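Asker: Here it is, the structure in full.
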Amino acid sequence: MIFGLAIRRFDWIMVAAVLLLLAIGERAVRTSTVADVAGDPGFFVRRHLIYLAMGVTLGAVAAFVDPRIYRRLFWIIYCASLALLVIVLGFSAARGSQRWIPLPFFTLQPSELSKATMIVCLSIIVADAVRRGTRGWRLLLRASILMGPPFGLVFIQPDLGTSLVYIFFTLTILVVAGLQGRYVAILGTAAGLLVILVLGVLPSIGLPLLRPYQTERITAFLDPEGGSPAAYQAQQAKIAIGSGGMGGRGAGISQTAGSFLPEHHTDFVFAVVGENRGFIGSAIVMLLYLLVLWRIGRIISRARVLEESFMAAGVFGLVMTQVTINVGMTLGIAPTTGIPLPFMTYGGSNTLTNLAAIGLALAIGARSVVDETPDATWQERPRRTFADPLEAPVDPI
Amino acid sequence: MSDPQLEQPTIDLSPPPPPPAVVVEEFDRPTVARRVFILACIATVLIVILILRLWSLQVLDVRSYRAQAVSNGLRSIDVPAARGQILDAQGKVLVGSRPSNAVAIDPTRFPNLLVACGRDVAGPSDARSSNERALRISDAVQAAAGLSPARRKARLAEIKRQLEVGSSTRAWKGCTKDYPQLRELASIAGVTMTETEDAIHRASVRAPFDSIVLAKDVDRSVLFFLKERAGQYPGVRIVEGTARSYRTAKAADGTIRPLAPHLWGELTEVSSAQLADQVTYRGAKAGDLVGQRGVERAFDRYLRGTNGSLERRVNAFGDPVGPIIRSQAAKPGENVRLTIDAGIQVSAESALRDAIQYARSHGHPTADGGAIIAMDPRTGAIRAMASNPGFDPAELAGADGVAYWDKLATNTKYSPLLDRVLTGLYPAGSTFKPVTAIAAVEARDSKADSIIQCAPSVTIDGQTYRNFESGVDEPMDLVQAITASCDTYFYELGKRLYESTPQNGSFEPQPLWARRVGFGATTGIDIGGDAAGSVPDTAYKQRRFGDDRIHNRWTSGDAVLQAIGQGDLEVTPLQIARLYALLANGGTLVTPHVGAAVIGQDGTVRETIDASPGTKVPIDANLLSIIRKGLEGVVQDPNGTAYSAFNGFPIPVAGKTGTAEKLGKRDFAWFAAYAPANNPELVVVCVIEQGGFGGVTAAPAVRQVMAKAFGINEATIAQVAQAERAGVYSGPSLGTDPAEQVQQDQAMTP
């Protein structure tokens, strides 16, 4: 049955949107890195194409694999992810701040891969808890126990951005699982307190957890005229985007290709689109992301079992968080954090992770409840009842 | 198979196992759908906010951002103007420009290089180091001046952070070890790693954002090699520019020596104070190279030219990436013709070297240096000015210029940087005697035809003053006294001047006349930088000794010593030349100058540089002609002190020797002369520090210069000396060296 799916059951609209975003991202990486490596204009884009090929393959594999298999592999997935995070911490201790494990072909960033694996693990745990009727703070506690170790390991790297993404996809899963509003508020407050602790309290008692550049990025966000390199970067990103105008300046010698904007092919890749393609191009990109999110939302409510619904919710949270934080940072309304833009940013680990996540969502969608009326939107679905496989009372919500 | 009883019912009773159906779980889908709807709404709102923000940046504010982006990528690059040449009176190039290429690196392409190599020499607590730090920051501010405010701020923050890195001595050693490309580059450019690291360190201290020059004046082959492989060496710049080239001359001993090194001055970046000086540095802009001393400074406004500019697209590293958008050609500087004659200059320098050499090998081993100046007495146009020891201006302008400068500046024994013509302060000795004669006669203390006994010694106010020539005891008039350089005659004049001077210092003819003929003040020479010297008088004594009742007044001793050019009197060779020009031209105090004309690039005279006209000093014409007669006797009368030195010279010369004393040093040899005596065209003054008797050491050097200036072909002093030693010389004698005699016969006893 694993490979017995009808191809037509895949969500081809989402596939098309993602492929379009991949193409736009490839174009942005290509045009902005032409001059980066003297004598080799294709240096970055060649690597990016290899990462894309690997990512699409991984996404396709994930789309064909029945998500039920992950329950059997739960401990392997969870422990392997933790092990990688511990290994990278060892590298970090040995060679200063480092988020990567050097491999022969590319450097592996476990905190990226863990985004996908933790969505899977958390969904299974939460689904089981919901089925047993666990609610409220007990549900929050279970989720925290599972997410605590990976979150902590990423947080002390320190990779504040990625640890924030962990919090947000956890929140999304718990919201879909029916966590009451006040617990969401508690979790949100805890996150806020954590930020205050890291930025204010710990440095003042002589325990600076953040590295200087991280503190500087936050300071730069609070004081954009402050003159730090981070503020310079943010300012250059705004100039790049703003200079795009309605229709863009086209690809050529520009802010981004002229290296005025550092990180133009990684964290600030959206600025390249903004400069080259203008408002029209960047708005289309944003609408494509919105389309992807809507399609994932459709999958969430149609999933055949709870854990798959939660997995799709996790993917929704993952994409939404990364897109809003990354684009917000590029537009100067969020602090500079090292969060990639899904499907567009250059790099191996994040491309693999995000495409695997999309593959997972596709797999869930392809196995979802059959909808006899193709035109019906997911909100309008008539209520149906099914046999409860675990004979547990459904959370009435 | 083993137990059919157990197996049988299972097979029979159970329905066939169902195919693995899709498990569909019962859960409250509408509720989940509602939650998803809320999530989707949140996502939609967030994305709409981002799109609105995009609208505001890209559609509403596009103008401002696009302008910033355009200015970001456009850079105006200065095209340095070729500096004008400095020519001699005949149009020979004395100082020119030649293409010079440097290999530089862009420090921003080598991450953390400046941090690694930029460590402090001294610890952060050191006061000097905090000064240096302030200087560095101000330099950095200046260097960043052309950048946009945001970039400037970013860079300043960066440099401030770098400056906080304090460390011990030469902590930057080995700082390039992580940059293999840099090592490769250094070996291509032909510089050592130590030099490279030092250059990077200095740059990090001085101007951290500029390109760092690793090697100046690199060979063209290196240039082509690097240009061809631009891609392999990112961050490497070839800086094409010009450098000054200085005329050299081959000396008699075969060495190649730069001509008149003291005259030119250095080129460095204009300072803010200099930018405000719109006379000397007319039209200079920040960043321009301007002359700092000498001719380069005096005529900077002509020589500099106007920089052109290129506007072109660059990337963030400043590398040009597009075609030239706008360009304005540089306007080369104009050439400046000097009054200096290269031929006379060469002979003056070799004569000076020969004279010092001669003095050293003839009983005056401490003869350290000297000066020669040749000037037209009618106009003050300087034909040659030589100061020894010298230095190599090309090396000073070269890659190791700073180290070379330090070496020269700390050489206190020879002070090679000192231009002795302009700033060498010496006792005048007997060359000053004409001033005493003028003062005494003009003050009516003596007559031009007075006869005074030239005794071996005189006693004034209980002090005995001896004559230089102890064997003479006969009555002399002024002409004879000058010719024989009789000290006692002038002691008597000094005594008379002292006696007629009122004690309150209201009228002091002796210092007054010294000032009137140009002593105690700068000469107004166009290249500037000359010393004033000092003429002692009552005010001077009071200034110097304050309330010391015994010493703070003008005494007969002061008057008597000043009468023969001793005491606290300090003069420069230029002032002596001016005095003799005045005697030669009949009483006009000329303004010395070296600038003659501004010559355009097409060779036409754009502007003549007019020296200010001289001042007529009211001196009785009869007195002047008597003094001149005395000076002629010095050279032409067999009793004259320079008779033997000029024996056989075809042109009539008038002059005065001087053997000046300085406490703690051996005698300074002077000779000041003009020629032809009847119609003077050239004044030549020579002083040799601790060179002994003026008539022996200095006068032959003056003869050598005059011979060259008047086109007389004769042997140089060195050739004569060599011939004398070899016993084959048959020309005029150079005279016996009276060094031992000078030691015994002190001109005076205190």
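Every number in this text was worked out from the coordinates using simple rules, so none of it is lab data. Here the structure is a predicted model, which means the values were calculated and not measured. Methodologically, a virtual Cβ is constructed for each residue, glycine included, from the backbone with ideal geometry; neighbour enumeration extends over all protein chains shown.
Asker: Within 10 Å of each Cβ of B:41-52, how many other protein chain Cβ atoms are there on average?
Answerer: Numbers: counts 1, 5, 15, 3, 0, 11, 10, 3, 5, 14, 8, 0.
That works out to 6 on average.
Asker: Still on this model: For the stretch B:652-711, which chymotrypsin sites (Phe, Trp or Tyr not before Pro) are both in a DSSP coil and crowded by at most 13 other Cβ atoms within 10 Å?
Answerer: none
Asker: Restrict the search to the stretch B:405-509; then list the chymotrypsin sites (Phe, Trp or Tyr not before Pro) that DSSP places in a loop and that have at most 10 other Cβ atoms within 10 Å of their Cβ. All intermediate terms of the calculation are to be shown ahead of the outcome.
Answerer: Values: sites: B:W405, B:Y414, B:F432, B:Y465, B:F468, B:Y489, B:F490, B:Y491, B:Y498, B:F507; in loops: B:Y414, B:F468, B:F507.
Taking the stretch B:405-509 and a limit of 10 other Cβ atoms within 10 Å, the loop chymotrypsin sites (Phe, Trp or Tyr not before Pro) found are B:F507.
Asker: Per residue of A:299-305, what is the mean number of Cβ atoms on other protein chains within 10 angstrom of that residue's Cβ?
Answerer: 5
Asker: Taking amide hydrogens as modeled 1.01 Å from N in the peptide plane, which residues meet the under 5 Å criterion relative to B:Q453, leaving out close sequence neighbours?
Answerer: Result for B:Q453 returns B:M476.
Asker: How do B:T379, B:T464 rank when sorted from fewest to most other Cβ atoms within 10 Å of their own Cβ?
Answerer: B:T464, B:T379
Asker: Continuing with this model, one more query. Short version: ³J(HN,Hα) in whole Hz for each residue of the stretch B:350-359, in order, from phi by Karplus 6.51 cos²θ - 1.76 cosθ + 1.60 (θ = phi - 60°), x for Gly and Pro, what are they?
Answerer: Coupling constants for the stretch B:350-359: 6, 4, 5, 4, 4, 5, 5, 4, 4, 4 Hz.
Asker: Next up: Within 12 Å, Cβ to Cβ, of A:M14, how many net charges do the neighbouring residues add up to if Lys/Arg are +1 and Asp/Glu are -1?
Answerer: Neighbourhood net charge equals +1.
Asker: List B:S347, A:S32, B:S56 from most exposed to least, where exposure is judged by having the fewest other Cβ atoms within 10 Å.
Answerer: Ranked by crowding around the Cβ, least crowded first: B:S56, B:S347, A:S32.
Asker: Still on this model: Taking 1 over the mean of 1/r across every pair of different Cα atoms in the stretch B:317-439, what Kirkwood radius in Å do you get? Can you show the working numbers first?
Answerer: On the way: mean 1/r = 0.0536 Å⁻¹.
Computed over Cα pairs of the stretch B:317-439, the Kirkwood hydrodynamic radius comes out at 18.6 Å.
Asker: Among A:F270, B:F545, rank each residue by its count of other Cβ atoms within 10 Å, from fewest to most, as a rough exposure measure.
Answerer: Ascending number of Cβ neighbours within 10 Å: B:F545, A:F270.
Asker: Need one value for A:317-324: mean number of C-beta atoms belonging to other chains within 10 Å of its residues' C-beta atoms.
Answerer: Mean inter-chain Cβ contacts per residue within 10 Å come to 3.
Asker: Would you please give the residues with an amide H less than 5 Å from that of B:V290, counting only those at least 5 places away or on a separate chain, with H modeled from the backbone geometry?
Answerer: B:T268, B:E269, B:V270
Asker: Further question: Using a/c under 1.5 as the rounded threshold, could you call the stretch B:455-598 rounded, prolate or oblate? The axes a ≥ b ≥ c are square roots of the C-alpha gyration tensor eigenvalues, and prolate needs a/b larger than b/c, oblate otherwise.
Answerer: On the way: a/c = 2.42, a/b = 1.31, b/c = 1.84.
Oblate is the answer for the stretch B:455-598, as a/c is 1.5 or above yet b/c matches or exceeds a/b.
Asker: Sticking with this one: How far apart, in nm, are the 7 Å Cα→Cβ label points at B:F545 and A:D128?
Answerer: With each label placed 7 Å out from Cα toward Cβ, I get 11.1 nm.
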